[in-house]
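Note sheet for the following structure.
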Amino acid sequence: MDTETLRMAPLRRIITTGALGAVLVTGVAAPAHALDVPPRPTEGAVQDQADLLTPDQEAQLNRLIGEKNSENEYIRAAVLTVDETQGESIEDYSRKVATDWGVGDDGRNNGVLVVADMGERELRIEVADGAREVLSDRDARNIMQDELEPGFKKEDYAGAFTNTITEVYDEANPQAAADREATSNMWARVLLGVVGVAVLVGLLSWWRHHRQRKQIREQADREIEQFQREHPDEEITDGMRQAYYKYRYQNRKAPGLNDKPNRAKDADGIEHEIQYAPTFRSWLPLYVMYPAVYNGSAASSAGSSFGSSSPSSFGGGGGFTGGGSSGSF
């Protein structure tokens with residue numbers, strides 16, 4: 001080997017090593033497959049990419065979420081259906097979509113995203129950290145097993161989403177939150193001997209409130225059943241039933257002579273006084289004429305369409321770290 005060849009050998013090794021390093025670095029730096037996040041709903045809170053719902057069913061689900069957002073500040077929910085999750089697990093996919101959409105209120109992290117993947121037949125209730133204070137993973141699992149999975153197995157998709165969303169909000173209502181907070185702190189308070197009596201009074205108050213709501217609901221059911229017996233050709237939808245429940249909760253007794261009547265706006269934005277209807281029979285004609293006024297979702301001048309007066313489910317929320325529950329069908 002001549003002198004020139006010996007002199008060039010180290011240079012070749014450096015060039016070869018550098019080229020190999022560049023290849024390795026290039027391989028490491030190659031971008032991973034980016035998730036194609038579905039677009040956030042432009043109206044309402046439902047993105048039905050898998051076409052599981054009719055337009056009317058989707059509108060009803062949007063109205064339900066809007067009404068619940070007006071009643072309950074603890075939860076902001078949204079719904080997504082897809083044909084596939086692009087190779088992601090249902091948990092990772094739901095977490096990324098919920099974060100990208102900003103489900104929930106900024107700073108409160110109170111978002112909940114309900115996802116259905118029709119390709120893998122998987123379901124997910126993704127719960128942000130703030131919402132987990134009033135909707136635990138066990139609560140989400142119970143709702144998954146009791147409402148979402150059974151509905152999808154029966155292919156009653158609208159019913160499954162309606163029942164799931166209703167349970168999510170009802171389980172996380174302000175009274176439930178107060179009750180859970182009192183329960184979680186009860187033993188510490190008893191040991192400290194500071195506010196044991198206050199806890200008992202609070203629990204008693206909650207029990208009375210819960211019993212009263214149950215009695216109102218049972219009475220409403222009896223009135224509806226009687227009306228259906230007398231008018232067998234009249235169809236009473238679940239939406240009507242839920243609207244009457246809420247109206248009855250807000251109008252438990254006739255207003256006094258000096259009481260100022262509540263007011264609400266109809267679908268055209270015209271404000272009306274809310275008349276007192278003592279029975280389902282007297283309430284139904286009012287509801288048929290002005291459903292936005294007599295649906296029980298507003299005790300003041302507020303409409304019923306999602307987005308016009310209801311808080312949005314997309315307020316820049318975050319805190320999706322894996323809370324919730326998964327299921328299949």
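The values are calculated or read from the model by the stated rules, or taken from the named source; none is laboratory data. Not measured: the values here are computed from a predicted model. To get the accessible areas, we keep the full protein, side chains included, count just its heavy atoms, and leave off ligands, DNA and RNA. Shrake-Rupley method; radii C 1.70, N 1.55, O 1.52, S 1.80 Å.
Here are a few things to note about the model shown:
- Long-range tail of P(r) for the stretch 74-117 (Cα pairs > 14 Å, %): 45 percent
- Accessible surface of the stretch 207-270, 1.4 Å probe, proportion on carbon and sulfur as whole %: 44 percent
- Accessible area per residue in Å² at 1.4 Å probe, computed on the stretch 63-165: 39 Å²
- The stretch 251-286 and the stretch 91-143: distance between their alpha carbon centers, rounded to Å: 37 Å
- The orientation-averaged projected area of the convex hull spanned by the Cα atoms of the stretch 48-184 comes to 7.9 nm².
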